[in-house]
Every structure is written in C-alpha cells, then in structure tokens.
1. Kindly indicate the residue of the range 12-36 that is part of a loop (DSSP other than H, G, I, E, B) and more than 19 Å from the chain's Cα centre (by Cα) and also farthest from residue 96 (Cα to Cα) among those meeting that condition.
2. If a residue has to be crowded, with 20+ Cβ neighbours inside 10 Å and of a type in the set (A, V, I, L, M) to count, how many in the range 160-174 make the cut?
3. Please tell me if residue 4 is crowded, with 18+ Cβ neighbours inside 10 Å, at pLDDT below 85 and out of contact with any His (no Cβ under 6 Å at 6 or more places or on another chain).
4. For a quick check of your reading of the model, give me the residue pairs whose first member lies in the range 10-23 and is at negative phi, whose second is in a helix (DSSP H, G or I) and acidic (Asp, Glu), with beta-carbon atoms closer than 7 Å and at least 6 apart or on different chains.
Amino acid sequence: MDPRIVQTRGLLVDAMEELVQLHSAPDITVSALCERAGVSRPTFYQHFRTTDEVLAAALEDRLEHIRTRGDRAGAVSPADVPRVLQRFLEEIWKDRHLYRALMRPVSPYSQARVVMATWLEQSVAQFLFHRDFAELDAAARNEITFAVGGVSSTVARWIESSDTRKSDLADLGPFLWSAVLSVTRSAPVSDFPASPVPDAPIRGARDHAE
C-alpha cells in the first residue's frame, strides 16, 4: 500500500481516538476529524465514507494488536482460555474511551459494533471448537452469537459505570467465561476449566442487570 495512504489513514484514526475522549460520539463530525488530523474533507472521503468507518478502522487496529500478541504466544490450550479473556478485558480497559463510544446502546457506529461482534464470534469459535465461525453448524453459531451478545452487553455496562475500576477485572473475567460455557452447549467443553461465578457483584455489570 502507498505509504501516503497509510499515513493519512493513520492520522484520521488517531484523530478519532483523540476526539472520542473529548466528545460524545454523535458530536464527532467529519469536519472535526479533518481539522484534528490536519487533512481536507476531499482527502477524508478518499479514505473513508463516514465517521463510522473511521472508528471501525480504529477498532480493527486494536483487535489486530490483540490477535498478533496471541499469535506470538503460540497455540491456546483449554486451560489458557480464561487468561486470554482476561488479557482481552485488560486491553478494553486500556482503550476504554474507544470502547465506550462503540458499545453504548445508542451508538452511531453500527459498522464498528459489527467489527467487534464478528471478532468475538470468531475468537470464541476458535477457542471452543478450534474451527472458523463460518464452518460451524447453525446450532453452534447461534449459541456463540447469543454468548457474544451477553459478553458485549456486560462489558458495555461495566465500562459505562461511573465507579468502574480496573480491579473489577479479577471478577469480570471468570464471570464472563462461566456465562460463555453455560450457553455454548454444542462445544466440547470437557477439557475447559469451569471458572466459578464470583460471589461478589461485578460493578457496572450484574448490579445493573438486576
């Protein structure tokens, strides 16, 4: 790819990540992005059609980083899955301003939400079935999609909560893993550790759901 294209795309993605920390998602306009990135509107439209696409690109960069780290770590055994989930939550915490904009119930960033859901579905399929999501039968795909929806909703409540703390990760990871195992009945889960649901409520998650 032309280095100039990569550079301009990077400027716009970086500008989106900065603006998400300062403004609510619906208030971020193409003009604001261009001003922040130092590019013209015609240049913006050479790379993206909407602000939704910019956030989706930012999210793809983050998820690719997580995937690359996982590849360097080698194959994931059943016993490693809760640890991998914990690492994913730590990445969300680190970039929570980005995920807050993405995962709000009323979000203009529908494409970015699809990127997140697709990545999670593929990851769960690989962890539980060692196959691509598209290769699974309809029952398994439905179970994974349902599980991913629950994970996304719980994480969204957690990062939106005003008293969210990084220390909550110790409870949130096992809780989500138990929830995934409880609904993916088609998976050969006998080799996977069944992390217990923590006794203490998870701030921003179960306490909001009650």
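1. Step by step, filter the range 12-36, then rank; the result is 29.
2. Selection size over the range 160-174: 1.
3. Answer is no for this residue.
4. Listed pairs, sorted by first residue: 13/61.
Matching residues to (1) closer than 26 Å to residue 157 by Cα; (2) assigned by TED's automatic domain parsing to the domain that holds residue 23; (3) buried (at least 16 other Cβ atoms within 10 Å of the Cβ); (4) modelled with pLDDT under 75:
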position: 69; (1), (2), (3), (4): no, no, no, yes
position: 77; (1), (2), (3), (4): no, no, no, yes
position: 81; (1), (2), (3), (4): yes, no, yes, yes
position: 89; (1), (2), (3), (4): yes, no, yes, no
position: 95; (1), (2), (3), (4): yes, no, yes, no
position: 100; (1), (2), (3), (4): yes, no, yes, no
position: 103; (1), (2), (3), (4): yes, no, yes, yes
position: 110; (1), (2), (3), (4): yes, no, no, yes
position: 113; (1), (2), (3), (4): yes, no, yes, no
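The values are calculated or read from the model by the stated rules, or taken from the named source; none is laboratory data. Not measured: the values here are computed from a predicted model. Because the Cβ atoms are built from the backbone with ideal geometry, glycine has one as well, and the counts that use them run over all protein chains shown.
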